[in-house]
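The values are calculated or read from the model by the stated rules, or taken from the named source; none is laboratory data. This is a predicted model, so every value here is computed, not measured. Please note: Cβ atoms are built from the backbone with ideal geometry, for glycine as well, and neighbour counts cover all protein chains shown. Ligands, DNA and RNA are excluded from the accessible area calculation, which covers all protein heavy atoms including side chains. Shrake-Rupley method; radii C 1.70, N 1.55, O 1.52, S 1.80 Å.
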Amino acid sequence: MKKLVRLATPLMAVALMSGAPFFAHAQQMTETQTKAQEWNTPPAGTPEAQQGYRDGIQAAQLDKAARRKIDAKSSHLYVHPPVKGAVRDEYRTSFTAGYDAAVKHSSGE
């Protein structure tokens with residue numbers, strides 16, 4: 001029985017110690033995913049404002065891929081927003097915020 005305890009104790013210690021890096025890596029991945037979600041998650045607001053933020057992100061990505069001028073105010077969706085009335089300004093403000101967030105994220109800042 002003593003031989004079994006002498007053999008089992010170090011094996012259990014090694015098993016417990018080798019699991020620690022996996023837990024640390026999993027925690028680090030969760031923090032990274034949370035940060036990634038932060039920049040592309042629209043802020044609270046009206047549905048039109050949230051759509052503007054998402055449209056701004058998409059427009060910035062498309063402008064970069066097409067090698068167009070990187071400017072939110074020259075985008076088609078900024079000039080001709082898909083909403084009418086009083087929410088146009090709110091859409092445009094959110095569009096610009098989403099566009100700027102995507103540009104900042106793609107530049108690695």
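Expressed as a whole percentage, what fraction of the accessible surface of region 47-109 belongs to carbon and sulfur atoms when a 1.4 Å probe is rolled over the protein heavy atoms?
For region 47-109, the apolar C and S fraction of the accessible surface comes to 51 percent.
Counting alpha carbon pairs within less than 8 Å and at least 6 residues apart, what relative contact order, in whole percent, applies to region 39-87?
Normalised by residue count, the contact order of region 39-87 is 29 percent.
Reachable lysines from Lys73, Cα under 17 Å, same-chain residues fewer than 8 places away excluded?
In chain and number order, the partners are Lys64, Lys104.
Tell me, what ³J(HN,Hα) does each residue in region 84-91 have, in order and in whole Hz, if you take phi through Karplus 6.51 cos²θ - 1.76 cosθ + 1.60 with θ = phi - 60° and put x for Gly and Pro?
My calculation for region 84-91 gives 10, x, 5, 8, 4, 5, 5, 4 Hz in order.
What distance in nm separates the two pseudo spin-label positions at Glu38 and Arg54, each 7 Å out from Cα along the beta-carbon direction?
Each label point lies 7 Å from its Cα, and together they span 2.3 nm.
Residues of region 42-72 with the amide nitrogen closer than 14 Å to a label point 7 Å from the Cα of Val79, along Cα-to-Cβ, please.
It comes to 69-72, nothing else.
Between Met1 and Arg68, what length comes free when the chain is fully extended (0.36 nm per residue of separation minus the Cα-Cα distance, one decimal in nm)?
Here the segment from Met1 to Arg68 would lengthen by 16.6 nm.
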